[in-house]
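Below is one structure; the comments refer to it alone.
The values are calculated or read from the model by the stated rules, or taken from the named source; none is laboratory data. As the structure is a computational prediction, the values presented were derived from the model and not from experiment. Every residue, glycine among them, receives a Cβ derived from its backbone with ideal geometry; neighbour counts consider all protein chains shown.
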Amino acid sequence: MSSNVVVTGATGNVGTSVVRLLSEDPEVASVRGLARRIPDWSPPKTQWTAVDLASEDADLSAAFEGADALVHLAWAFQPTHDPAMTWRANVLGSIRVFEAAAAAQVPVLVHASSVGAYSPGPTDRAVDESWPTHGWPDAAYCREKAYLERALDTFERDHPQTRVVRMRPAFLFKRESASEQRRIFGGRFLPGPFARPESLPFMPDVPGLRVQALHTDDAAAAYRLAVHTDVRGAFNLAADPTVDAAVLGEMFGARPVRLPRTAARSAIAAAWGLRLLPASPHLFDAVLRLPLMDCTRARVELGWRPEHTATEVLAEFLRGLRSGEGEPTAPMRGRKVG
């Protein structure tokens, strides 16, 4: 049976991949993309609605009417110096989305949670979806993702007729997201040589710094499966291998050089304090404590497999950064590194 799907945050990194995949899906009758600004982009079967979820006056009733599924992706990463503003946009905006979905009796809610929702984890093994989701409280991003996990606990209790799926992806990249993510995390002062691995004299090796990565299109495939598959609950999403200084050094032909945590954090804190770097030192603290995720449940219950390795994802992202790749949407506009 064909379905009508609403996607919030439809013009961002994940949103553009989800909308594109759903618009090509023969099981989807229509896609309604919600974003603050209507893009110059018209995928098949897609209509756009301008909505600012941070606004208390946002009217979601008409947008959600007749929807068979809602994919909630909207998220504001900035300004990191004003966590009250991101709380209003991300937490209060999401709660408005949940309430409107319940009022419109949308039967399926697929929510974009994150690896950042997880509490600090073990260093010797990966964790499954039962690991606590209390986040790292000093980082606004993690606080907000963790709070929404509790909000969804209450939502599921009060609305058992709604099938709720929580996606917890690793760090998401694609070629077209390079310019947006550079602005969000690196800022306009990001030195050009960082986009050219051959120019790096060494690879900083911060003890404990290791992350999982995933191609945004692979994450979008999991969202599509969640819309159509009768599943509930949380799903970890990540690709192999785990990325650390050794993996990056091999990718870029650069020798890993140990850099103490305190030195790395001090440099980030100084740049953030001077507003030269958008990414906060609190997020750096959180990343050092993130658990590695076991993605068995997504593979078994969703039938999901990533098509790109983590190293392929990062290589593609760097190519996009060098060439200023983007998408025809306001958040994703391209800009070449100088």
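So, in the stretch 71-96, how many residues would count as being under 25 Å from Gln181 (Cα atoms), outside any loop (DSSP other than H, G, I, E, B) and of a type outside the set (D, E, K, R)?
13
Checking the condition aliphatic (A, V, I, L, M), at pLDDT 95 or above, surrounded by fewer than 24 Cβ atoms within 10 Å (Cβ to Cβ) and under 20 Å from Ala100 (Cβ atoms), which residue from Ala35, Ala50 passes?
Ala50
Of all the listed residues (Glu180, Glu176, Glu149, Glu144), the sole one being within 20 Å of the chain's Cα centre (by Cα), surrounded by 16 or more Cβ atoms within 10 Å (Cβ to Cβ) and over 27 Å from Thr329 (Cβ atoms) is Glu149.
Put simply, of Val5, Val97 the only residue that is more than 18 Å from the chain's Cα centre (by Cα), surrounded by 21 or more Cβ atoms within 10 Å (Cβ to Cβ) and closer than 25 Å to Asp230 by Cβ is Val5.
Could you please give the count of residues in the stretch 256-290 that are surrounded by 14 or more Cβ atoms within 10 Å (Cβ to Cβ) and under 16 Å from Phe77 (Cβ atoms)? The number of residues fulfilling the criteria is 12.
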